[in-house]
Structures are given as C-alpha cells and as structure tokens.
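Everything on this sheet refers to the single structure shown next.
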Amino acid sequence: MVAAALGAAPPAAAQRVTEAGLQATATFSDPALAVVGATGAVRLSERGRLALTLGIGGSDGSFAWRGEAAGHFLLSPRRRHGMAAYGGGGVAVVGGPVERGYLLLTLGLEADPGSRSGWFAEAGVGGGVRLAGGWRWRWFPAGWGGED
C-alpha cells in the first residue's frame, strides 16, 4: 500500500519553482569588475532557493568573467504583488586580470516573488562591495498558490 502511494505521487522536482533571468553584477575593489550574464535557480523548499549565475564583462580594461553559487532564504516567497526581502550566501569565482575565489554574502529585494516575473536588486560583499540587479522569470508547479 505504501509502495502504491509512493508510485502515485508526482516527482518532487515537478513540485519545485524554477527561475531563469538576466543579471548585471558589479564589484568595487582593486580592480573593479562589471559583468552581465544569465542566472538560474530552483527553490528547493518554499523559502530556500539555490541560484547559479555566470557573467562576462570587464575588469581593469580586460576581459573578465564571474560565476556564483548561492543559497537564498526568501522571507515572502508567495507574495504576488509588492516587494519581498531575501538574504543569501555562497561562493564566487572570478577570472580575468585577477583570478580568485570569494565568499559571498548578500541581501536582496525582489518584486512579486510569487508571480511569473519581476526585478531584483542585491547589495553585499564578495570580491569587494557587490551590487547586482536584474530580472527573473519563474515557472510554478500546478496548484501553486500565491498571496497578495
């Protein structure tokens, strides 16, 4: 009976919120860095999101790239209207004039986290003072309910 119930249950991955977006990131250190790229994320729980970002751009007049892996804690993940805050931490790696790895800490605001898309803005540290912003598109599982 338990096996039948487990077999009838939809896969856990089908119940997750997935996200994709565009992100611009700037770090202010020596040398400063600015990149633009893609971001993707999956919400592993209602309030937990795992995000990966890869961007290309420049630093000190040369080509540079930056990759990030971060976990986010969402305070109001189902809000369909208005802003919601989140905090996060992870790691970043940079290539270009400077090739290093960094720990990453960030605080963010995003518009309408329970809707199909919205902007986001972050401030924190990770290779210097770090500012990031962009746009996220979201795909929700069947039955996802938001809050206003």
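Yes/no matrix, rows are residues, columns are (1) closer than 18 Å to TRP139 by Cα; (2) of a type outside the set (Gly, Ala, Ser); (3) surrounded by 14 or more Cβ atoms within 10 Å (Cβ to Cβ):
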{"residue": "THR18", "(1), (2), (3)": "yes, yes, yes"}
{"residue": "ALA34", "(1), (2), (3)": "no, no, yes"}
{"residue": "SER45", "(1), (2), (3)": "yes, no, no"}
{"residue": "ALA64", "(1), (2), (3)": "no, no, yes"}
{"residue": "LEU74", "(1), (2), (3)": "yes, yes, yes"}
{"residue": "GLY87", "(1), (2), (3)": "no, no, yes"}
{"residue": "VAL91", "(1), (2), (3)": "no, yes, no"}
{"residue": "GLY95", "(1), (2), (3)": "no, no, yes"}
{"residue": "LEU104", "(1), (2), (3)": "no, yes, yes"}
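Inside region 43-77, residues that are β-branched (Val, Ile, Thr) and over 17 Å from GLY108 (Cβ atoms) make up a count of 1.
Is it fair to say VAL42 is touching a helix residue (DSSP H, G or I) at 6+ places or on another chain (Cβ under 9 Å), modelled with pLDDT of 95 or more and either of a type outside the set (Gly, Ala, Ser) or within 17 Å of ARG130 (Cα to Cα) (or both)?
Details: touching a helix residue (DSSP H, G or I) at 6+ places or on another chain (Cβ under 9 Å): yes; modelled with pLDDT of 95 or more: yes; either of a type outside the set (Gly, Ala, Ser) or within 17 Å of ARG130 (Cα to Cα) (or both): yes.
Criteria met by VAL42.
Restricting to region 106-130, count the residues that are β-branched (Val, Ile, Thr) and surrounded by fewer than 19 Cβ atoms within 10 Å (Cβ to Cβ). Please lay out each step first, then the result.
As a first pass, look at region 106-130 and keep what is β-branched (Val, Ile, Thr): 106, 125, 129.
Okay, now just the ones that are also surrounded by fewer than 19 Cβ atoms within 10 Å (Cβ to Cβ), so 125, 129.
Residues in region 106-130 being β-branched (Val, Ile, Thr) and surrounded by fewer than 19 Cβ atoms within 10 Å (Cβ to Cβ): 2 in total.
Each residue in region 102-148 was checked for being within 18 Å of the chain's Cα centre (by Cα), assigned to a strand (DSSP E or B) and not polar (S, T, N, Q), and 28 of them qualify. Within region 131-147, the set of residues being farther than 16 Å from ALA84 by Cβ, open to solvent by 30 Å² or more (accessible area, probe 1.4 Å) and touching a Ser or Thr at 6+ places or on another chain (Cβ under 9 Å) comprises LEU131, TRP137, TRP139. Cβ-Cβ distances below 8 Å connect the following pairs, each with a first residue in region 68-83 that is closer than 24 Å to THR25 by Cα, a second residue that is assigned to a loop (DSSP other than H, G, I, E, B) and open to solvent by 60 Å² or more (accessible area, probe 1.4 Å), and a separation of six or more residues or different chains: PHE73/ARG47; LEU74/GLU46; LEU74/ARG47; LEU75/ARG47; PRO77/GLU46; PRO77/ARG47. Here ARG79, ARG47, ARG43, ARG66 are screened, and the one residue that is charged (D, E, K, R) and in contact with a Phe, Trp or Tyr (Cβ under 8 Å, 6 or more places away or on another chain) is ARG47.
The values are calculated or read from the model by the stated rules, or taken from the named source; none is laboratory data. As the structure is a prediction and not an experimental result, all values here were calculated from the model. Note that we place each Cβ from the backbone using ideal geometry, even for glycine, and neighbour counts take in every protein chain shown. Remember, those area values only see protein heavy atoms, side chains included, never the ligands or the DNA or RNA. Shrake-Rupley method; radii C 1.70, N 1.55, O 1.52, S 1.80 Å.
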